[in-house]
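Student: Take a look at the following structure, please.
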Amino acid sequence: MNFVLGIDLGGSSVKAVAVTPAGERLAQLNRPFEAGASGDWARLVQRAVHELEAQQGSPAVAIGLSAPGLAARDGRSIARMPGRLQGLEGLNWTELLQAPQPVPVLNDAHAALLGEAWLGAARGFQNVFLLTLGTGVGGAAIVDGKLLKGALGRAGHLGHLSLDLDGPRDICAMPGSLEVMVGNCTIATRSGGKFQTTHDLVAAHLAGDQAATEIWLRSVRALGVAVAGLINVLDPEAVIIGGGIARAGEALFDPLETFVRGAEWNVGAAPVRILPAQLGEFAGACGAAGNALESIKQPA
């Protein structure tokens, strides 16, 4: 059976899927690694490819990869990823994996949206954007049926939208960004040290802790205002919310709906749909696989 492989290199794990051209997921795996261990992640990617190909009994017809950072213009490597995954910048994945076909490389958030567009919550939409809520806030957009990349591949970094001119700067030097307001990376600061994870904050909120409720709803309000602002910029049919924080379910989506509707520009049309992502932690790997499939399709 023909299949493609999608590899998603994260900050602490390698996720991989084997998928048929029709979108049937044949196998998947998730392998953690030590972020500080030099080259450990590259060896894990190689092993993941070998393991999945051995399970299927044949080589993949194509391999795609997603990773954090700015993808190179030729789509063969990550051009810039400061501070993490030493050795990733400029690494030629086609050579490393000894792949017979070029291995196309995507930013991880771009890949996640492509995965959701192929097999998940964004199927059928020509205009849609994704926010992934986790340690930081990732983002990507499809506009008129095409992934928005921009001049340098920087487009879609929606988490770096500023909501507070006087707020602390995020990793991209943006003051008071959505990532600062919502990301797990700032939860200890936002809660005065009371909570170390957003999971703990939400649990306390659901248990009736008034202080936790105030912190949580302020975070969700920031997200809602950002979503409404991005609706004005991108005019989507739907907004997809994913990432670990999205697992809060109704505790997130119910107030988010209220805050978005309170700020959304009413133009007499149906409100923009707000949908939870469907592919979970394998969205990026599925998007990388779909991107690999597209890369080998012959032009009409």
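Student: Residue pairs, Cβ under 6 Å, 6 or more apart or interchain, first in the stretch 280-300 and at pLDDT 90 or above and in a helix (DSSP H, G or I), second open to solvent by less than 100 Å² (accessible area, probe 1.4 Å) and of a type in the set (Phe, Trp, Tyr). List them.
Tutor: Note: pairs meeting the criteria are Gly290/Trp118.
Student: Search the stretch 180-201 for residues that are under 15 Å from Leu163 (Cβ atoms) and pair each with any residue that is assigned to a loop (DSSP other than H, G, I, E, B) and hydrophobic (A, V, I, L, M, F, W, C) when their beta-carbon atoms are under 9 Å apart and the residues are at least 6 apart or on different chains.
Tutor: Pairs that qualify, where the first residue is under 15 Å from Leu163 (Cβ atoms) and the partner is assigned to a loop (DSSP other than H, G, I, E, B) and hydrophobic (A, V, I, L, M, F, W, C), are Val180/Leu163; Val180/Met174; Met181/Leu163.
Student: Here is a further query. Restricting attention to the stretch 126-152, report how many residues are out of contact with any Gly (no Cβ under 9 Å at 6 or more places or on another chain) and open to solvent by 20 Å² or more (accessible area, probe 1.4 Å).
Tutor: Result for the stretch 126-152: 6.
Student: Within the bounds of the stretch 32-45, is there any residue that is surrounded by 15 or more Cβ atoms within 10 Å (Cβ to Cβ) and part of a loop (DSSP other than H, G, I, E, B)?
Tutor: Checking the stretch 32-45: at least one residue is surrounded by 15 or more Cβ atoms within 10 Å (Cβ to Cβ) and part of a loop (DSSP other than H, G, I, E, B).
Student: From the list Ala226, Ala204, Ala222, exactly one residue is in a helix (DSSP H, G or I), over 30 Å from Asn127 (Cβ atoms) and of a type outside the set (D, E, K, R). Which is it?
Tutor: Ala204
Student: Given the conditions (1) more than 19 Å from the chain's Cα centre (by Cα); (2) surrounded by 19 or more Cβ atoms within 10 Å (Cβ to Cβ), which single one is not true for Gly183?
Tutor: (1) is the only condition that Gly183 fails.
Student: Here's a follow-up. Working carefully through the options Gly145, Gly150, find the one that is modelled with pLDDT under 95 and closer than 26 Å to Ala121 by Cβ.
Tutor: Criteria check complete, one pass: Gly150.
The values are calculated or read from the model by the stated rules, or taken from the named source; none is laboratory data. Note that the structure is a prediction, hence the values are computed from the model and not measured. Using ideal geometry, Cβ is built from the backbone for each residue, glycine included, and neighbour counts are taken over all protein chains shown. In case anyone asks, the SASA skips ligands and DNA or RNA and just uses the protein heavy atoms, side chains included. Shrake-Rupley method; radii C 1.70, N 1.55, O 1.52, S 1.80 Å.
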